[in-house]
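Contents: one structure, followed by commentary.
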Amino acid sequence: MNDDHNGEPGFGGSGGPRYGTIVNRRPSGGGASGTVDTYVVRDTEQERYYSFDYRQIVTEGFRTIRTGERVRFHISPQSPDRAEFVIRLDQPDPAEFYR
């Protein structure tokens with residue numbers, strides 16, 4: 001399977017897209033304020049783990065993900081243990097944040 005990306009690294013084949021669940025969120029101490037988190041996603045099919053930070057979350061506005069959320073992602077061709085282009089599949093109801 002090659003999607004429409006004609007063999008580009010990170011697209012189609014074994015490079016993506018993949019589906020998984022966020023299983024861990026841990027502070028890594030980076031960023032301007034020292035509070036950048038590293039997330040860990042468990043690939044549903046291959047049962048492998050990949051890490052990423054908020055810069056890889058594809059969204060508008062505040063970039064964060066909660067443990068237990070399902071995501072779609074690609075495996076980084078430069079770092080096979082890293083996820084990139086992470087898209088949240090379980091968008092929370094905004095009203096939950098105001099309770």
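Please treat every number below as a calculation from the coordinates, not as lab data. These figures come from a predicted structure and were not determined experimentally. Neighbour counts are summed over all protein chains in view; Cβ atoms, including those assigned to glycine, are modelled from backbone coordinates with ideal geometry.
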Taking the simple approach of a point 7 Å from Cα along Cα-to-Cβ for both ARG82 and GLU60, what is their distance in nm?
2.8 nm
Within 10 Å of each residue's Cβ, count the other Cβ atoms and sort TYR54, TYR39, TYR98 from fewest upward.
TYR98, TYR54, TYR39
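For the range 32-92, what class follows from the C-alpha gyration tensor (a ≥ b ≥ c being the square roots of its eigenvalues): rounded when a/c is under 1.5, otherwise prolate if a/b is larger than b/c, else oblate? Before the final figure, lay out the partial values.
Values: a/c = 1.69, a/b = 1.21, b/c = 1.39.
Taking the square roots of the gyration eigenvalues as a ≥ b ≥ c, the range 32-92 is oblate.
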